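To start, the structure itself, in structure tokens.
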Amino acid sequence: MAKAQEKATASVADAIAKTVSEYFGTVGSKDELFSTADGNVFENQGFAKNHAVTLEDKNVTPHTKANAVEVVDEEEETGDAGAAATQNIGK
């Protein structure tokens, strides 16, 4: 797999993880969600499967509330925009 494609795949996986985590943390009416390779997340497995048939990668991945991982955006948590924001310039 090319580096650009690996990065894109990782970005989609991160986006899915964040969406799933936010759902379980706020809405949480279901104990299981389903995602497709393009990053869409569904409450209904049938809807996820129907959408997946339109994609090259037809896999549907289940996500359970018990296994959800909290994803924290570093910038949101610290308020920093990166290394430059943490340096004391002009001291």
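Quick note: the coordinates plus some simple rules give every number you see, no bench work behind them. Keep in mind the model is a prediction, meaning the values are calculated, not measured. Neighbour counts are summed over all protein chains in view; Cβ atoms, including those assigned to glycine, are modelled from backbone coordinates with ideal geometry.
Stretching ASP14 away from THR26 to a fully extended chain increases their span by 2.5 nm, per 0.36 nm per residue minus the current alpha-carbon distance. Neighbours of LEU55, meaning other residues whose beta-carbon lies under 14 angstrom from its beta-carbon, give a summed charge of -1 when Lys and Arg score +1 and Asp and Glu score -1.
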